[in-house]
Every structure is written in structure tokens, then in C-alpha cells.
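Right, one structure below, let's go through it.
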Amino acid sequence: MKNLLVCSLILMGVYSSFAQVISDHAIGLRLGSNRGFGTEISYQMKFSSENRAEFNLGWRNNNNVSAMKSNALYQWVWPLEHGFNWYAGVGGGLGTYSNNNSNSGTFFYAAGDIGIEYNFDFPIQASLDLRPEIGGNDYFDNGFGTDLALSIRYQF
């Protein structure tokens, strides 16, 4: 019985050493490029020690097209070490666009997300991620786009 108790405590200690601390909330800016430069207001909300939701609202602009986009992503977060985490997620969004050919419209899209983040000792998080997006109509080139972005968020 004593051996079972010791083994249980060791396993709980090993498991808790892998537990990740995700802030309850984080808000900031996501600066990236997909069909031109864009800025998004980004908000993250914790679901558990390993999962969160991310919501973004922003605009994109280049010489040929401008767009407003919103999306929601469900993310899984894994610790690396010393404040670094990596994460992956799935979700989707919607937006509106207009281009130089006088075309405009609304679009829906599916999105993935993979990235790395660093949580400073003070309540700031910096991340770099890649978000592949699949959607229809004239906004996406051949129905596909990739969005590479740098984010800075305040954690609370």
C-alpha cells in the first residue's frame, strides 16, 4: 500500500510538472500579412490549463484589395521551457472585401493555426504564428491564403 501511495505521488508530480499555466485572458494586437499588411485586435480566453479560444477582428489592405475579417480559433497549448509554449488550433471566420475591379462581397473561411509564444515575467506575451486559411470567392487566391503574424498581448 505504501508503494502504491509513493508511486501515485510521483506520477502526480510528473504530471503537474507538465501542466501549463495559461493566463485567464489576454488582449493585444496581431500584426501580419495575408493579401497585404493587416492589423487585428486579438483576445484569448482560457478554457483549461491546456486549451483556450482566440478571437480576432481586423483589417487587411494592399494595392488590390481591402478586407475586414473576424475569426475564432480553438487552441491546444504545450509548454516548451522557460516561458516558451507552442500551440496549434482550428477554427474559422468571416469577412467582407472590396478590390480594384469593383468586386466586393462577403466570405467565410476555415483556418488552422500553429505558433510559438513567450510569456515574460511581467504580464506580456509575444507570439509568432502561421494561420493557413481556406475560403471561396475573389478574396482568396485559388481558395487558399496564409497569414503570418507577430502578436503582442497583455495578460490578465
- Task: Return the loop-located GluC sites (Glu not before Pro) in the range 66-156 (DSSP other than H, G, I, E, B) with at most 13 other Cβ atoms within 10 Å of their own Cβ; answer none if there are none.
- Result: Glu81
- Between Val90 and Tyr43, what length in nm is gained on full extension when 0.36 nm per residue of separation is reduced by their alpha carbon distance? 15.4 nm
- Query: So how exposed is Ile22, as accessible area in Å² (1.4 Å probe, rounded to 10)?
  - Reply: 10
- Task: Estimate the FRET efficiency between Ser23 and Asn61 by the formula 1/(1 + (r/R0)^6), using the beta-carbon distance for r and 30 Å for R0, to the nearest 0.05.
- Result: 0.45
- Query: How big is the charge dipole of the range 30-156 about its Cα centre, in debye rounded to the nearest 20, if each Lys and Arg gets +1 on its Cβ and each Asp and Glu gets -1 on its Cβ?
  - Reply: 280
- With all protein chains present, how much of the accessible area of the range 52-156 (probe radius 1.4 Å) comes from carbon and sulfur, to the nearest whole percent? 63
- Message: Can you give me the solvent accessible area of Thr39 with a 1.4 Å probe, rounded to the nearest 10 Å²?
- Response: 30
- Of Tyr154, Tyr139, which has the most accessible area and how do the rest follow, probe 1.4 Å? Tyr154, Tyr139
- Note on the structure: Here the range 106-115 yields Karplus 3J(HN,Hα) values (6.51, -1.76, 1.60; θ = phi - 60°; whole Hz; Gly and Pro given as x) of 10, 9, 10, 8, 9, 9, x, 7, 9, x
- Query: Along its principal axes, what span do the Cα atoms of the range 21-135 show, with the longest given first and each in whole Å?
  - Reply: 50, 22, 19
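The values are calculated or read from the model by the stated rules, or taken from the named source; none is laboratory data. Computed from a prediction, not measured in an experiment: that's the story for all the values here. Note that we place each Cβ from the backbone using ideal geometry, even for glycine, and neighbour counts take in every protein chain shown. Note: accessible area is taken over every heavy atom of the protein model, side chains too, but ligands, DNA and RNA are not part of it. Shrake-Rupley method; radii C 1.70, N 1.55, O 1.52, S 1.80 Å.
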